[in-house]
Amino acid sequence: MFEILFLGTSASAPSAKRGLSALIVTHNEYRFLVDCGEGTQRQILQAGVGFRHLTRILLTHGHLDHILGLGGLLSTFMRWEAIDQLEIFGGRATLDRVRTLIDDVVLRGNQTPMPLHFRETKPGLFFEAEDFSITAFPVTHRGPDCLGFVFETKARRPFLAAKADELGVPSGPERRDLVAGQAVTLSNGKRIKPDDVLGPVERGVKLVVVGDTGRTDNLLEACKDADALVIESTYLEEEAEMASQFSHLTAKQGAELAVKANVRKLILTHISRRYREKDVLKEAQSIHPNAAVARDFDVYQIKRDGMNESE
């Protein structure tokens, strides 16, 4: 399962009810801040989640409304919040701009109290833990090295407890070994193989996060069969020409991508102040009924068997 906490859902500039782009993806003890618009640290405090374990930041691109909050966040880490290290992942052009912000504005010759690592990220697998991975893919927006991210738990074979009971496999290390793919011998001498108690392979949970983009045709493969897709919706279709001019999407375009890619849940963000939320939602749901418009502090739990939302 992945949990998404939206911290900022406004496009380009904050509104009275929406902060600038930022969200946290959580899986077990892992937490990833995706983008860090102005005011993100206040949103973190407002959400009540604190800074613990917030040591990895993934950046979709280097526009100011997605990175400007890094200055304040790092300043807080330096003075008030102790963390073991900070890793910032992004494309080369993005990290060049972030380095300028941090080195020339925040640090000005000083050193951080924790190790600070800039991780240049290219399309492909770049983070892997025991049961999930994160892959980057290219996104077309204004400027180079824009990225989207696929969070995916690993495929697994479910343990068939009823079958194990039938075969006399006791609870304990024998079942653990079978789940790990190792055959076991029971006390009565009967040998049990993993295939005897494991079901067919089930794919993992797939969450796709896209920042700003002006195209969707090159995102189909990355988004295919996702359990949830988070993507921008800066414009409505009535201003599609302006969306194209500034390399952004309309709600309709985001919904069409979700339908073509067989996405289970579509979550729209990066909402312009010029539109009412209900109009954005109406346009998207006319194409993809299972669409939502994210608000600041919305929480979504992404699971294989469905999605829970709490506000």
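The values are calculated or read from the model by the stated rules, or taken from the named source; none is laboratory data. Because the structure is predicted, anything quoted here is derived from the model rather than measured. Reconstructed Cβ throughout: ideal geometry from the backbone, glycine too, with neighbour counts over all protein chains shown. In case anyone asks, the SASA skips ligands and DNA or RNA and just uses the protein heavy atoms, side chains included. Shrake-Rupley method; radii C 1.70, N 1.55, O 1.52, S 1.80 Å.
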Residue within the stretch 90-107 that is of a type in the set (A, V, I, L, M), under 15 Å from the mean Cα position of the chain (by Cα) and more than 23 Å from VAL205 (Cβ to Cβ) present: no
Tally up the residues in the stretch 214-242 that are part of a strand (DSSP E or B) and either surrounded by fewer than 15 Cβ atoms within 10 Å (Cβ to Cβ) or of a type in the set (Gly, Ala, Ser) (or both), please. 1
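Condition test on ARG97, is it in contact (Cβ under 8 Å) with a residue 24 or more places away in the chain, in contact with a helix residue (DSSP H, G or I) (Cβ under 9 Å, 6 or more places away or on another chain), open to solvent by 60 Å² or more (accessible area, probe 1.4 Å) and among the basic types (Lys, Arg)? Don't jump to the end; show me each part of the working.
Values: in contact (Cβ under 8 Å) with a residue 24 or more places away in the chain: yes; in contact with a helix residue (DSSP H, G or I) (Cβ under 9 Å, 6 or more places away or on another chain): yes; open to solvent by 60 Å² or more (accessible area, probe 1.4 Å): yes; among the basic types (Lys, Arg): yes.
Considered against the rule, which asks whether it is in contact (Cβ under 8 Å) with a residue 24 or more places away in the chain, in contact with a helix residue (DSSP H, G or I) (Cβ under 9 Å, 6 or more places away or on another chain), open to solvent by 60 Å² or more (accessible area, probe 1.4 Å) and among the basic types (Lys, Arg), ARG97 comes out as yes.
Name the helices (runs of 4 or more DSSP H) wholly inside the stretch 30-105 in which the number of residues that are under 19 Å from ASP145 (Cα atoms) is 1 or more. If you could, list the steps in order and put the result at the bottom.
Values: elements: 40-47, 64-67, 69-79, 92-100.
Ranges flagged: 64-67, 69-79, 92-100.
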With the requirement that a residue be surrounded by 15 or more Cβ atoms within 10 Å (Cβ to Cβ) and within 17 Å of ALA222 (Cβ to Cβ), what does the stretch 100-122 give you? THR121
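What number of residues within the stretch 182-192 are in contact with a helix residue (DSSP H, G or I) (Cβ under 8 Å, 6 or more places away or on another chain) and open to solvent by 50 Å² or more (accessible area, probe 1.4 Å)?
2
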On the given criteria, is ALA255 of a type in the set (A, V, I, L, M) and in contact (Cβ under 8 Å) with a residue 40 or more places away in the chain? no
Return the residues of the stretch 117-143 that are modelled with pLDDT under 95 and in contact with a helix residue (DSSP H, G or I) (Cβ under 8 Å, 6 or more places away or on another chain); say none if nothing qualifies. GLY143
Against the conditions (1) open to solvent by less than 20 Å² (accessible area, probe 1.4 Å); (2) closer than 29 Å to PHE32 by Cβ, where does LYS154 fall short? Just the number, please. (1)
If you check VAL169, VAL208, which single one turns out to be open to solvent by less than 50 Å² (accessible area, probe 1.4 Å) and assigned to a strand (DSSP E or B)? VAL208
So VAL259 ticks every box in (1) open to solvent by less than 20 Å² (accessible area, probe 1.4 Å); (2) of a type in the set (A, V, I, L, M); (3) out of contact with any Phe, Trp or Tyr (no Cβ under 6 Å at 6 or more places or on another chain) but one. Which box is left unticked? (1)
So, in the stretch 262-285, how many residues would count as being open to solvent by less than 60 Å² (accessible area, probe 1.4 Å) and touching a residue at least 60 places away in the same chain (Cβ under 8 Å)? 5
